[in-house]
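Below you'll find the structure, written out as structure tokens, and then a few comments.
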Amino acid sequence: MVSVNWALPTTNDAELVLALEMLDQILLGTPANPLYKALLDSGLGEDLTHSGFDEDLRQGTFSVGMKGIAFDDVGKVEQVILITLTQLAEQGIDRNTIEAAVNTVEFQLRERNTGSFPRGLAVMIRSLTTWLHGDDPLAPLAFEQPLAAIKHRLASDTPFFEMLIRDLLLNNQHRTTVILQPDPDHARREAEAEQQRLAAVRATLSDADVQAIIANTRTLKQMQETPDPPEAIALIPALTLADLDRHERPTPTEQLEQLGTLVLYHELATSGIGYVDLAFDLHCLPQELVPYCGLIGRILFETGTDTEDFVSLAQRIGRTTGGIGAQAWSAAIANTERGATRLMVRGKATRDNMGELFSIMRDVLLTARLDNRERIRQLVLEEKAQLEAALAPAGHRLVGAYLAGLFDEAGWATEQMGGIGHLFFLRQLAQQVDNDWDGVHARLVDLRERIMHRPNVIVNITADSATGQQARPHLEQFLAALPASLGAAQVWQPTYAQPFAGLSMPSQVNYVGKAANLYQLGYTLHGSVLVILKYLNTTWMWEQVRVKGGAYGGFARFNRHSGVFDFLSYRDPNLLGTLAVYDKTAEFLRSVELTEQDVTRSIIGTIGDIDPYRLPDARGFTALTRHLIHDDADTRQALREQVLDTTIADFRAFAEVLEQVRTQGIVAVLGSTEQIAAANAQQPNLLTKVKVL
């Protein structure tokens, strides 16, 4: 991997910071933007590194590079970057690219969509970028004046962004090129050096020194294991059960039908922005096409249409919308074997651009260039590289998905479309694109022709009243363009093998999982399980896996729709020790000294999880997913009341459920090749199926 990095001016100039955010979008915002595209087209690597403008420190930085490159090509990557920047500075940047970037950044500033993160905290954190250094904390928030100034520069035909490239990048000597080269023996050498260092230190210690270290270690361990005194805990402000709502806040939903298609409307205050979700049922596909669904969203939106190449399409999306994309989604439906598996196409636009939003969706879904071999090859390599890069920072999620894929159709589909199974599929697909393109192209065309039908989609619109009314005639035109017929639904028959799996890679840490389906073990859902897990994750799992075990995290989860329960650890130096913690959880619940205050605190935390912070688009999308998995209000209300009425007796009873997880749970580990081998040597048949990633 190689990364070229520039040191930039201090971040106390609001106009310059905003301009650099726009320049970042111009150069690297999408794969169609010039620097991003030049690097991909070079064929020197598989994907870009984490790149762009960073304003979080006093001095800004800009970086760009590639991963998956040959060591001998480091200089070539650097040359592609510098040559591309030089061409843009001297020949000018396409005006459509600038317009798309400016609109994208302005849309983000006005929408302030912070996802599940509270908007107030996000505003505070943004203000800290200047406030921490003694500058105006409101400067990063008051964007109207610097935005107007930048627009004025652009209206006067000043080559503003070209000058930024020349002055802050090309003529900037504060630049460094960083090269990261994998070394499979690095961890071994590091461990040996550490042992030698410790041995050298030990040789200098007297017996008294050794005893002092032992005593200090015992003191530290005692401090770790001693709970905070009640009088200290009582000083922390806390809610009471009386402060909690016994009923959830409903999302307004109107169910309509347009041209025989179900449409869900959610009228919420969206400040003139319309959010549109199209949920295409993937059960129209034969089972062998399911893995392609993890990639089809990007293929549809990043290959161009019959009238636009993918650069022009990206510019059109950037100029007129707040973004459009598609991603496969799957979730279990309670009490059924078949899950809900959909291709979710999601877009947003201001009220005046709702027509263009639906027009782009129509063009993309019906005429995407599935014959764009080179672009599809790039996408496959990018997705593969991103999934490989996620093995370390997101290993626990991949282990959890792997385990969930052993129990039900929805879990299997999720694993096939985005987990370890999908990684192996992408590696194979990369070869097929080169060696059997006709076969790949035929499968992609077949997939699109099966999915894109009017009876196969549910439409979900979240908007204020005026924007919703503006959207309806455009939706009608969009639906009329979709074919009205639909083939028969396909029956998927996944094989739910249950191996005890080790997924090995060069690493010093592990991601250790153990899972079981509680419903298959005879458990009946009760809301108290959510409270118990909240307690376990903030006490037992935290203390044993993180504080004592040294992992970055450890937690237990339960999917109430599928019944899958799992233990997971994150960046864990241990393996067998962590599995032992999981297996002792039942005994912990039996013997721990619980108080009513402990239970109350966990109930309050659980209600916080049930009622997370949601902006209007998230409220509307959540209502859609609940509809798809038949999660009705009565069921949620009953669960909520069980949560609020949880008792100590419920904790003790759940210990018996976890005892079955101990004896019948399935183990999967992603991590150190050496530790997996050592664990198998110590406990034969623990991980009988080992794959090298």
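The values are calculated or read from the model by the stated rules, or taken from the named source; none is laboratory data. These figures come from a predicted structure and were not determined experimentally. Cβ sites come from the backbone with ideal geometry, for glycine too, and all protein chains shown count toward neighbours.
Here are a few things to note about the model shown:
- Restricting A215, A232 to those that are part of a helix (DSSP H, G or I), modelled with pLDDT under 90 and over 32 Å from the mean Cα position of the chain (by Cα) reduces the list to A232.
Residue-by-condition table, conditions (1) closer than 15 Å to H396 by Cβ; (2) over 26 Å from the mean Cα position of the chain (by Cα); (3) surrounded by fewer than 18 Cβ atoms within 10 Å (Cβ to Cβ):
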{"residue": "A551", "(1), (2), (3)": "yes, no, no"}
{"residue": "H561", "(1), (2), (3)": "no, no, no"}
{"residue": "L568", "(1), (2), (3)": "yes, no, no"}
{"residue": "L575", "(1), (2), (3)": "yes, no, no"}
{"residue": "V592", "(1), (2), (3)": "no, yes, yes"}
{"residue": "Q597", "(1), (2), (3)": "no, yes, yes"}
{"residue": "S602", "(1), (2), (3)": "no, yes, no"}
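Yes/no per residue for (1) within 30 Å of P506 (Cβ to Cβ); (2) in contact (Cβ under 8 Å) with a residue 12 or more places away in the chain; (3) part of a helix (DSSP H, G or I):
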{"residue": "L147", "(1), (2), (3)": "no, yes, yes"}
{"residue": "I150", "(1), (2), (3)": "no, yes, yes"}
{"residue": "Q196", "(1), (2), (3)": "yes, no, yes"}
{"residue": "V201", "(1), (2), (3)": "yes, no, yes"}
{"residue": "L205", "(1), (2), (3)": "no, no, no"}
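- Top-ranked residue of the range 616-649 - restricted to ones that are among the acidic types (D, E) and not in a helix (DSSP H, G or I), ranked as nearest to N559 (Cα to Cα): D631
- Number of positions in the range 495-513 that are within 25 Å of the chain's Cα centre (by Cα) and either assigned to a loop (DSSP other than H, G, I, E, B) or farther than 30 Å from P182 by Cβ (or both): 4
- Selection count where residues are of a type outside the set (V, I, T) and part of a strand (DSSP E or B), scope the range 255-270: 9
- Taken over the range 514-531, the criterion of being within 26 Å of the chain's Cα centre (by Cα) and assigned to a helix (DSSP H, G or I) is satisfied by V529, L530, V531.
- Scanning the range 401-423 for residues that are in a helix (DSSP H, G or I), more than 17 Å from L379 (Cβ to Cβ) and either without any contact (Cβ under 8 Å) to a residue 60 or more places away in the chain or not small (G, A, S) (or both) returns A401, Y402, L403, E409, W412, T414, E415, Q416, I420.
- The range 651-693, subset among the polar types (S, T, N, Q) and in contact with a Ser or Thr (Cβ under 6 Å, 6 or more places away or on another chain), residue farthest from V399 (Cα to Cα): T673
- Close pairs (6 angstrom Cβ cut-off, 6 or more residues apart or separate chains): under 12 Å from L82 (Cβ atoms) in the range 168-190, part of a helix (DSSP H, G or I) and of a type outside the set (A, V, I, L, M) anywhere: T177/E78
- D72, sole failed condition from (1) assigned to a helix (DSSP H, G or I); (2) closer than 13 Å to W6 by Cα: (2)
- S63 being in contact with a strand residue (DSSP E or B) (Cβ under 8 Å, 6 or more places away or on another chain), under 20 Å from R298 (Cα atoms) and among the small types (G, A, S): no
- When the range 549-590 is filtered for residues that are in a helix (DSSP H, G or I), closer than 25 Å to L391 by Cα and among the hydrophobic types (A, V, I, L, M, F, W, C), the ones remaining, listed by number, are L576, L579, A580, V581.
- Per-region count, the range 31-72, residues of a type in the set (S, T, Y) and in contact with a Lys or Arg (Cβ under 9 Å, 6 or more places away or on another chain): 2
- The conditions of being in a helix (DSSP H, G or I), aromatic (F, W, Y), assigned by TED's automatic domain parsing to the domain that holds A149 and farther than 21 Å from E382 by Cα are not met by F62.
- For the range 658-675, taking the residues that are assigned to a helix (DSSP H, G or I) and in contact with a Leu (Cβ under 6 Å, 6 or more places away or on another chain), the one that is surrounded by the fewest Cβ atoms within 10 Å (Cβ to Cβ) is identified as Q660.
- Per-region count, the range 455-476, residues assigned to a helix (DSSP H, G or I) and either buried (at least 18 other Cβ atoms within 10 Å of the Cβ) or in contact with a Lys or Arg (Cβ under 8 Å, 6 or more places away or on another chain) (or both): 8
- The set of residues in the range 266-278 that are at pLDDT 95 or above and either more than 17 Å from G355 (Cα to Cα) or outside the structural domain of T321 (by TED's automatic domain parsing) (or both) comprises H266, E267, L268, A269, T270.
- The single residue among L168, L164 that is among the hydrophobic types (A, V, I, L, M, F, W, C), assigned to a helix (DSSP H, G or I) and either touching a strand residue (DSSP E or B) at 6+ places or on another chain (Cβ under 7 Å) or over 22 Å from G52 (Cα atoms) (or both) turns out to be L168.
- Scan of the range 23-59 for residues that are more than 18 Å from E302 (Cβ to Cβ) and in contact (Cβ under 8 Å) with a residue 24 or more places away in the chain, ordered by number: L23, D24, L44, T49, G52, F53, E55, D56, L57, R58, Q59
- L20 vs. criteria without any contact (Cβ under 8 Å) to a residue 12 or more places away in the chain and either at positive phi or outside any strand (DSSP E or B) (or both): no
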